[in-house]
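Presented below is the structure to which this report refers.
The values are calculated or read from the model by the stated rules, or taken from the named source; none is laboratory data. Predicted, not measured: the structure shown is a model, and the values here were computed from it. Methodologically, a virtual Cβ is constructed for each residue, glycine included, from the backbone with ideal geometry; neighbour enumeration extends over all protein chains shown. For accessibility, only protein heavy atoms count, side chains too; no ligands or nucleic acids. Shrake-Rupley method; radii C 1.70, N 1.55, O 1.52, S 1.80 Å.
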Amino acid sequence: MTIHEFYHRADAATLEAVADVASRGILIVPIAKTFPLSEIGAAHSAVAAGIQGQVALKH
């Protein structure tokens with residue numbers, strides 16, 4: 001299963017498919033950049049600028 005863009009959907013089939021690949025360890029979430037929680041403003045700016053991949057916050 002390949003998800004190029006993921007938007008919240010409330011249907012059970014989509015959630016089941018995501019849970020299945022996650023449980024098998026093959027769910028790949030590309031993390032473009034990790035920011036410390038104290039730099040949440042910079043993380044928000046990166047998302048607003050259209051960074052490719054996900055932005056993660058680290059406590």
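Name the single residue that is surrounded by the fewest Cβ atoms within 10 Å (Cβ to Cβ) among those in region 40-59 being assigned to a helix (DSSP H, G or I) and of a type in the set (A, V, I, L, M). The selected residue is 48. If you go through region 29-39 one residue at a time, do you hit one that is closer than 23 Å to residue 55 by Cβ, open to solvent by 100 Å² or more (accessible area, probe 1.4 Å), at pLDDT below 85 and under 16 Å from the mean Cα position of the chain (by Cα)? Looking through region 29-39, none of the residues is closer than 23 Å to residue 55 by Cβ, open to solvent by 100 Å² or more (accessible area, probe 1.4 Å), at pLDDT below 85 and under 16 Å from the mean Cα position of the chain (by Cα).
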